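Following: one structure in structure tokens, then a few remarks.
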Amino acid sequence: MNAFQLALLSGLFHAAWNALAKTPGRERAATLAALIVSGVGAAVYWALTRPGRLEVVHAPWIAMAGVGEALYVYSLGMAYGRGELGLTYSVSRAAALVFIWPFSLLAFGTRPSLLALAATVVVALGIVGTRPRTAGSSKLHLGWTLLTGAAVALYHTGYKGAVDGGAPRVLAFLGAVSISVPLLLAVVGREVRAQLVPLARHPRLLAAGVLCAASFLLMLEALATAESGRILGVRNASVGFGLAIAVWLGERLDRRQWLGVAVLFAGVALFGLEQARG
């Protein structure tokens, strides 16, 4: 499979694990439990394959990815606790496309094209349009959702630096998880920690963890041969998958929010066009 196909499949798996982890009342524990399960699954894969080793040069990038993962899982749980799956997932993934370019510019000197800048403006307009205005609107917590998008861009940048430096994909993921899980355990609180073991044993969260690991490992394979912004652009076709799952589960948006989502998708499509031209 080429980088485009890997990124697209990664996006499908990512939307699926997010939907499975959207557990009403236990969102923070569920997202963390899925991450822990994904780390265990990746460790089993590493034990079976033994793909090389990490070097000191990889450490800063893996640390960046680990902090990004911790921030992502924490903010995602907070956003899901206050908003619905469809809008939270769609807005956070689209917002990541905006945040990835400043990170890529600072880390790798990758400059966004004029088309990417135009897509950023369209995505921003779409995000404004999705904000709930009435009691009947689909719920969205914009602050936590945007922070989730920034965290996605942060861990993407870290993973890209690691794989560009020759880090084995599965070890880069395991290294990041070994940083993010202790950070999360330290900040989530006793109540959330008490929910982890029962949730991690639940078939729904086991499936979420496996899909989470598969999504990240496929993303890392794609990042090995393409720019971070481009892979994130393709992978974020998952906004369509996530919204489709949410509608199938019974979530409903008002007319204004549907218009915002349409503008959001137009921005994502422009990013996709920019990736194809790159």
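Pairing each residue of the stretch 180-191 that is within 15 Å of residue 78 (Cβ to Cβ) with any residue that is crowded, with 16+ Cβ neighbours inside 10 Å and of a type in the set (D, E, K, R), provided the two are 6+ apart or on different chains, yields C-beta distances under 6 Å for 188/28. Here 75, 104, 92, 113 are screened, and the one residue that is touching a Leu at 6+ places or on another chain (Cβ under 6 Å) and of a type in the set (S, T, N, Q) is 75. Out of the residues in the stretch 38-73 meeting the condition of being modelled with pLDDT of 90 or more and of a type in the set (Ser, Thr, Tyr), tell me which one is nearest to residue 104 (Cα to Cα). So, considering only residues that are modelled with pLDDT of 90 or more and of a type in the set (Ser, Thr, Tyr), the one nearest to residue 104 (Cα to Cα) is 72.
Having 2 or more residues that are farther than 23 Å from residue 273 by Cβ is the bar; report the helices (runs of 4 or more DSSP H) wholly within the stretch 46-150 that clear it. Outline the logic, then answer.
Working: elements: 59-82, 85-108, 114-130.
Correct list: 59-82, 85-108.
Residue by residue through the stretch 60-119, note down the ones that are of a type in the set (Lys, Arg) and surrounded by 24 or more Cβ atoms within 10 Å (Cβ to Cβ). Correct list: 93 only.
Listed by first and then second residue, the pairs with beta-carbon distance under 8 Å, at least 6 apart or on different chains, first residue in the stretch 150-167 and acidic (Asp, Glu), second modelled with pLDDT under 90 and outside any helix (DSSP H, G or I), are 164/224.
Output the number of residues of the stretch 245-268 satisfying the condition of being touching a residue at least 24 places away in the same chain (Cβ under 8 Å) and in a helix (DSSP H, G or I).
First, the residues of the stretch 245-268 that are touching a residue at least 24 places away in the same chain (Cβ under 8 Å): 245-247, 249, 251-254, 256-257, 259-268.
Now drop any that are not in a helix (DSSP H, G or I), which leaves 245-247, 256-257, 259-268.
Adding up the residues that qualify gives 15.
Total residues in the stretch 7-31 satisfying the condition of being touching a Ser or Thr at 6+ places or on another chain (Cβ under 9 Å) and not hydroxyl-bearing (Ser, Thr, Tyr): the figure is 14.
Just the residues that are part of a helix (DSSP H, G or I) and either at pLDDT 90 or above or over 14 Å from the mean Cα position of the chain (by Cα) (or both), please, taken from the stretch 21-37. Spell out the reasoning first.
Restricting attention to the stretch 21-37, the residues satisfying the condition of being part of a helix (DSSP H, G or I) are 21, 27-37.
Answer for the stretch 21-37, where residues must be part of a helix (DSSP H, G or I) and either at pLDDT 90 or above or over 14 Å from the mean Cα position of the chain (by Cα) (or both): 27, 28, 29, 30, 31, 32, 33, 34, 35, 36, 37.
Taking the listed residues 7, 47, 15, the one that is farther than 23 Å from residue 88 by Cβ and either in contact with a strand residue (DSSP E or B) (Cβ under 8 Å, 6 or more places away or on another chain) or aliphatic (A, V, I, L, M) (or both) is 47, with no other qualifying.
The values are calculated or read from the model by the stated rules, or taken from the named source; none is laboratory data. The structure displayed is predicted, hence computed values, not measured ones. Backbone-built Cβ (ideal geometry, glycine too); neighbour counts: all protein chains shown.
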